[in-house]
Amino acid sequence: MKVQKQWSCFVFFLLHMTHTAWTQIFQVVGPSSAVLVFVGEDVTLPASLSPVISAQRFEVRWFRDDFDSPVLLYQNLQIRPEHQMQAYEGRTALFTEELLKGNVSLRLKDVRVSDGGLYKCFVDSGPWNEEVHITLNVEVLGDQPSISISYTEDQQTTLVCKADKWGTTPDVTWRDMNGVDLTSESSVTEERDNEGFLRVSSFIPIKQEFNVFSCLMRSKVPRPDWHSGLAIYGEYSEFMVSSSY
Ligand SMILES: *[C@@H]1O[C@H](CO)[C@@H](O)[C@H](O)[C@H]1NC(C)=O
């Protein structure tokens with residue numbers, strides 16, 4: 001009799017365990033701000049389950065506007081490309097080994113301008129589902145600026161520094177030949193071309209006849225410096241050239 005009681009207690013405990021496992025409540029956690037990437041680069045949209053539980057047997061669906069036409073769908077332990085949005089074909093992945101740790105982050109390769117916008121990560125365990133929204137901002141570095149001379153109606157000589165194909169408004173800096181910053185005397189205009197890129201023009205009136213002006217357009221989004229290196233493996237000589245946008 002006593003043994004039987006212990007057994008039923010144990011069975012009840014087991015049932016209880018299974019039940020809580022099935023209805024385990026979780027959240028999908030993403031970054032607190034938008035994710036930034038430069039066009040042509042790869043990016044990870046980070047998302048994970050909290051508390052940390054395995055998502056291996058769950059459905060993980062990354063989508064934009066259309067739930068039924070996902071960016072990536074993981075279901076029944078595998079990636080299902082059948083209904084994937086065509087624009088994302090061959091460019092997406094999950095970190096499959098990381099699913100055990102509740103990491104459902106999306107890897108997106110070779111980012112395009114059209115990838116920018118809102119992404120939803122929907123995770124479904126069966127009895128429970130949750131989603132998180134993540135914004136991806138795609139930054140485009142514009143063309144190199146060029147300077148030209150123009151004259152206003154009152155014959156004032158003005159320099160125009162112009163560059164096409166910017167994704168977001170860059171910082172524009174003007175300097176004279178002594179390196180003095182003249183930016184406060186300039187004004188910027190921008191217009192969108194038919195592909196949605198910005199054409200940026202900065203104007204600065206010139207007072208002195210002889211001077212050299214330089215104009216620098218730089219992305220407001222920080223990016224790592226671009227290093228180009230040249231090493232000469234002679235006896236002592238080695239030097240490095242570096243440049244940054
Ligand atoms: C998920 O795994 C990838 C690959 O190991 C890692 O880069 C990323 O930081 C992880 N994300 C989270 C939210 O844990």
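Structure above, values below:
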{"read-out": "Tally, over region 42-54, of residues that are within 11 Å of the ligand (Cβ to nearest atom) and touching a helix residue (DSSP H, G or I) at 6+ places or on another chain (Cβ under 8 Å)", "value": "2"}
{"read-out": "Test: residue in region 125-132 that is over 17 Å from Ala34 (Cα atoms), among the small types (Gly, Ala, Ser) and buried (at least 19 other Cβ atoms within 10 Å of the Cβ)", "value": "yes"}
{"read-out": "Residues of region 26-41 that turn out to be more than 10 Å from the ligand (Cβ to nearest atom), under 18 Å from Leu108 (Cβ atoms) and not in a strand (DSSP E or B), as a count", "value": "5"}
{"read-out": "Strands (runs of 3 or more DSSP E) completely within region 49-106 that count 1 or more residues being of a type in the set (Gly, Ala, Ser)", "value": "92-94"}
{"read-out": "Region 80-121 - residue that is aromatic (Phe, Trp, Tyr) and within 16 Å of the ligand (Cβ to nearest atom) and, of those, nearest to the chain's Cα centre (by Cα)", "value": "Tyr119"}
{"read-out": "Residues within region 48-95 that are of a type in the set (Val, Ile, Thr) and open to solvent by 40 Å² or more (accessible area, probe 1.4 Å), tallied", "value": "2"}
{"read-out": "Val138 being in a loop (DSSP other than H, G, I, E, B), within 12 Å of Val37 (Cβ to Cβ) and touching a residue at least 40 places away in the same chain (Cβ under 8 Å)", "value": "no"}
{"read-out": "Conditions (1) assigned by TED's automatic domain parsing to the domain that holds Gln56; (2) on the phi < 0 side of the Ramachandran plot; number of the one not met by Gly167", "value": "(1)"}
{"read-out": "Residue that is of a type in the set (S, T, N, Q) and at pLDDT below 90, where the choices are Ser202, Ser214", "value": "Ser214"}
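The values are calculated or read from the model by the stated rules, or taken from the named source; none is laboratory data. Model, not experiment: these values are computed from the prediction. Backbone-built Cβ (ideal geometry, glycine too); neighbour counts: all protein chains shown. Each accessible area value is taken on the protein alone, full model and side chains, heavy atoms only, with ligands, DNA and RNA left out. Shrake-Rupley method; radii C 1.70, N 1.55, O 1.52, S 1.80 Å.
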